[in-house]
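Asks: The structure is given below, and queries will be raised subsequently.
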Amino acid sequence: MSRNPGHSVLILVLGLLVLGACRKDDSTFELDYPTPLILELERNGSFELGDVQNSKIELIVEFYDGNQGLDVASYDWSVEFISSGGNNGNNIDPVVHSSIEASEFYWSVDLKKRASFSLEMVRAIEVLNLKVDQIKQNDLFRFKAVLKMKDGNSFTEGDQREPVLEGDAFESLFTVDVPVGCGIRDDYFIGDYELILGPVDGLWGGPFGETGSVITLIKAGKNERTFIASNERIWNPEYFEYTIQFQCHSLILKDIDTQASCDGISTIVKGQGESELGSYDPTDDSLFTLYMSDDLLGSCGEPIHNISYIFTKL
């Protein structure tokens, strides 16, 4: 079958008309917008109670204003604190956080004005006059932006336009919500720790060793540390890898089946059980307390043994 050249030309013309309805050309599509546009290109980071000094949200944005971003004067941010306790919490109204001046913008490879900046947790706490011990998991830092122009006009989220395409691909970045997490520092709670065994309610001693024993904590994940210890059973003196989870000031020991058995039916399992949760300070890894339960399945016919250890960094 032969192709009609006139038909192909018509399709090409129609395609160009549709494309032109969305943008004037590949470099100035911002001319289709009645107000400036701030495109978010990249976002990284988080706010963690365990590492306030290094917690931040890193952003890269691109400006469109009909003049290659040259009419923008500054990109200013405020921050407010919203407690996870709702209206009964310690909410704080917005205050000035930071300003990115036009002199800090730079040109991208394809000649677009960009800005790279950080919204830092330590700065937010400072300007809000907060203390770290007033902050808890799932509290929220809400950042709001104002785009100021060189002609004196300014734009906020209330001036948001309808995107040309469906979805939020062309919506401006005026709000960043950052919930508080409880991650611990990567270099915290690792290395050698000396154990102090607390009172033991049962005939057996501590499953990780007696007072003065030394174990080594190894990073296993963002909020987990592992260590190797014997199960302290004379008939099965194997060593096992134990995992401690650090969860917002509380410690949980994951269950582990030692494969040892007293009754030949169930095995001796160690873990958190119903013992109280251990505790730690996310800003200080020199000391923490771990609670655990021994023989969770009752293999040896005795009540569950609740045990505590104090870990002191060497």
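The values are calculated or read from the model by the stated rules, or taken from the named source; none is laboratory data. If you're wondering where the values come from, they're calculated on a predicted model, not measured in any experiment. Every residue, glycine among them, receives a Cβ derived from its backbone with ideal geometry; neighbour counts consider all protein chains shown.
Asks: Pull up the stretch 48-61, narrow it to residues that are more than 22 Å from Pro282 (Cβ to Cβ) and surrounded by 20 or more Cβ atoms within 10 Å (Cβ to Cβ), then point me to the one that is nearest to the chain's Cα centre (by Cα).
Replies: If we take residues in the stretch 48-61 being more than 22 Å from Pro282 (Cβ to Cβ) and surrounded by 20 or more Cβ atoms within 10 Å (Cβ to Cβ), then Leu59 is nearest to the chain's Cα centre (by Cα).
Asks: When you look at Ile92, is it under 24 Å from the mean Cα position of the chain (by Cα) and more than 18 Å from Arg142 (Cβ to Cβ), yes or no? Let's see the steps before the verdict.
Replies: Numbers: under 24 Å from the mean Cα position of the chain (by Cα): yes; more than 18 Å from Arg142 (Cβ to Cβ): no.
Spelling it out, it is not the case that Ile92 is under 24 Å from the mean Cα position of the chain (by Cα) and more than 18 Å from Arg142 (Cβ to Cβ).
Asks: Continuing with this model, one more query. Please list, ordered by residue number, the strands (runs of 3 or more DSSP E) wholly in the stretch 129-232 having 1 or more residues that are out of contact with any Ser or Thr (no Cβ under 7 Å at 6 or more places or on another chain) and modelled with pLDDT under 85. Quick ask: steps written out before the conclusion?
Replies: Values: elements: 140-149, 175-184, 191-197, 214-221, 224-230.
So the answer is 175-184, 214-221, 224-230.
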